[in-house]
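Enquirer: Structure in C-alpha cells, see below.
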Amino acid sequence: MQRFRTLSDYLNDWTTNGNDTERGAVAGTVERIAHGGRAIAELVAKGPLAGSLGAQAGADNADGDAQKELDVRANDLLIAGLRQAPVAVITSEELDEPLVNNPGASLIVAMDPLDGSSNIDTNVSVGTIFSVLQGGSGTGLEDILLPGTCQRAAGYIIYGPQTALVLTLGEGTHIFTLDPNDRQYRLTAENVQIAPTTHEFAINASNFRHWDEHVRGYVDDCLAGVGGPRDANFNMRWIASLVAECHRILSRGGVFLYPGDNRDGYAQGRLRLTYEANPIAWLIEQAGGAASTGKERILDIQPTDIHQRVPLIFGSRDEAARIDGYYADLHPLGSRSPLFGERGLFRA
C-alpha cells in the first residue's frame, strides 16, 4: 500500500530545510487554516443535516453580496483557528474592515472563507481561498495592502467529492487530499504542471453583450471552431465556483476568464485581488501557467483597498498569452477574416 506524506510532515520538512526564520510561522499558519478546513468540510458534507447552510444570513458582506449561513460559519471557524497563530491581521470577504488578531506578529492572512457560496444548495464544489503574506511592522492599511509578490503561502481547500488542499509555498503547486479515515491531509499530487496549450476555456457566456470587443473577439474565434481563425474546436465550461474552475485547470489545462464589462460595478471585474486573484495567480504560476488582467500580471498589482476588484484571466500559459494579445490589439475584430470580422456567433 502506497504511503502518502502528510501535510504536517511536508511542512515540517519545508521548515527544517530552509534558512528563513519565518518558515515556522508560515507553516503553523497554514496548519491552522487546514484545521479550519476540516471543520468546514464536515459542515459541507452534512448538507441540510447541518441546517440551512444556503439560507441568507440576514446581511450583505463587505462587497455587497448576500451572506449565506455557511459564509458566516466558515468565516467564524477560520478566525477562531487563527487566534493563536502568528498572524497580525486577518482580512476576509466577510469582514468590512481588517481584523487585528495578534499585534506584533509577522504575517497577514487574506481569505475568502467560502468561495462559490451561490452553489451551496446545488451540491457543487465550493471552497476556501487563502493568502499568507509577510507583513510590515504595523497593522495599518499601508502595512497590509501588499502585492501578490509578498505572499509566503497561498492556496485553497476545495470541498467536493474529495476534500483537497492545494498549496504553494513558492516551491511548486501541490495537492493534499483529506483522508476520511484519519482526517489527515496527504500529498497526492506533487509539482502539478499545467499543459501550456489548450482547447478549453471557461467564461460566463450570458454576459456576452456586456463585454468589450477584445473579449468578444477571443470567444468568437474559439467558438468558430475549425472553420474559424483558430482552426481548432474548443470546449466552453462554466461552474461559477472559482476553486472548482481552478481545480479543473490544474487537472487538465484550460483558461478561465472573468473580464471587466460595462455593467454597473463590473468595470474592474468581479473577483477580489487580495484574497481571490492573488492566491489563485500564484498557484497557477507555480504550476507553469500564467495569470493576468489581460493587460498586466496579477501578482504585480499594488492593491489600494482590501476588497479591490480586478479582471482575472488564468490558466495554460500559451492561451493566456494569446488572450493578452487580444487586449493589446486596438482593433481585434479588424484583423480577422470577413466572415468573422463584422459579426460573431452570438451576434446577427
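Any read-out appearing in this document is the output of simple, stated calculations on the displayed coordinates, not a laboratory observation. It should be emphasised that the depicted structure is a prediction, and the values quoted were computed from it without experimental measurement. Heads up, the Cβs are rebuilt from the backbone with ideal geometry, glycines too, and the neighbour counts pull from every protein chain shown.
Enquirer: If a/c stays under 1.5 just call it rounded; otherwise compare a/b with b/c (prolate if a/b is bigger, oblate if not). Do that for the stretch 215-264, with a ≥ b ≥ c from the square roots of the Cα gyration tensor eigenvalues.
Expert: oblate
Enquirer: Which values of log₁₀ I(q)/I(0), to two decimal places, follow from the Debye formula for the stretch 7-189 at q = 0.19, 0.20 Å⁻¹ with a uniform point scatterer at every Cα?
Expert: Debye output, listed in q order: -1.32, -1.42.
Enquirer: Between Thr163 and residues 5 or more places away or on another chain, which pairs have amide H atoms under 5 Å apart, with H built 1.01 Å from N, and which residues are they?
Expert: Counting only residues 5 or more places away or on other chains, the set is Leu178.
Enquirer: Computed from the coordinates I sent, P(r) over Cα pairs in 20 Å bins from 0, in percent equals one of (1) 31, 57, 12, 0; (2) 24, 37, 22, 11, 4, 1, 0; (3) 27, 47, 12, 7, 5, 2, 0. Tell me the label.
Expert: The value computed from this structure is option (1).
Enquirer: Among the DSSP beta bridges whose two residues both lie in the chain, what percent are antiparallel, rounded to the nearest 5?
Expert: 80
Enquirer: Also, quick follow-up: Suppose R0 equals 56 Å; then what is the FRET efficiency for Ala39 and Asn233 from their Cβ-Cβ distance, rounded to the nearest 0.05?
Expert: 0.80
Enquirer: Right, something else. Rounded to the nearest 0.05, what FRET efficiency do His210 and Gln268 have when you use their Cβ-Cβ distance and R0 = 22 Å?
Expert: 0.95
Enquirer: Further, regarding this structure: List the residues whose amide H sits under 5 Å from the amide H of Gly289, counting only those 5 or more places along or on another chain, with H placed 1.01 Å from N in the peptide plane.
Expert: Distant-sequence amide H within range of Gly289: Ile194.
Enquirer: Okay, next question. Taking only DSSP H segments of four or more residues, each worth -39500 (n - 2.57), what value at 222 nm results for the chain once the sum is divided by all its residues, to the nearest 500 deg cm²/dmol?
Expert: Roughly -8500 deg cm²/dmol at 222 nm, from the helical runs in the chain.
Enquirer: Compute the length gained on full extension between Asp9 and Asp305: take 0.36 nm times their separation in residues and subtract their Cα-Cα distance, giving the result in nm to one decimal.
Expert: 102.9 nm
Enquirer: Pulled fully out, how much extra length does the chain show between Arg297 and Val226, if you take 0.36 nm times their separation in residues and subtract their Cα-Cα distance?
Expert: Result: 22.5 nm gained on full extension.
Enquirer: Based on the Cβ-Cβ distance from Arg183 to Asp20, what FRET efficiency comes out when R0 is 30 Å, to the nearest 0.05?
Expert: With a Förster radius of 30 Å, E is 0.55.
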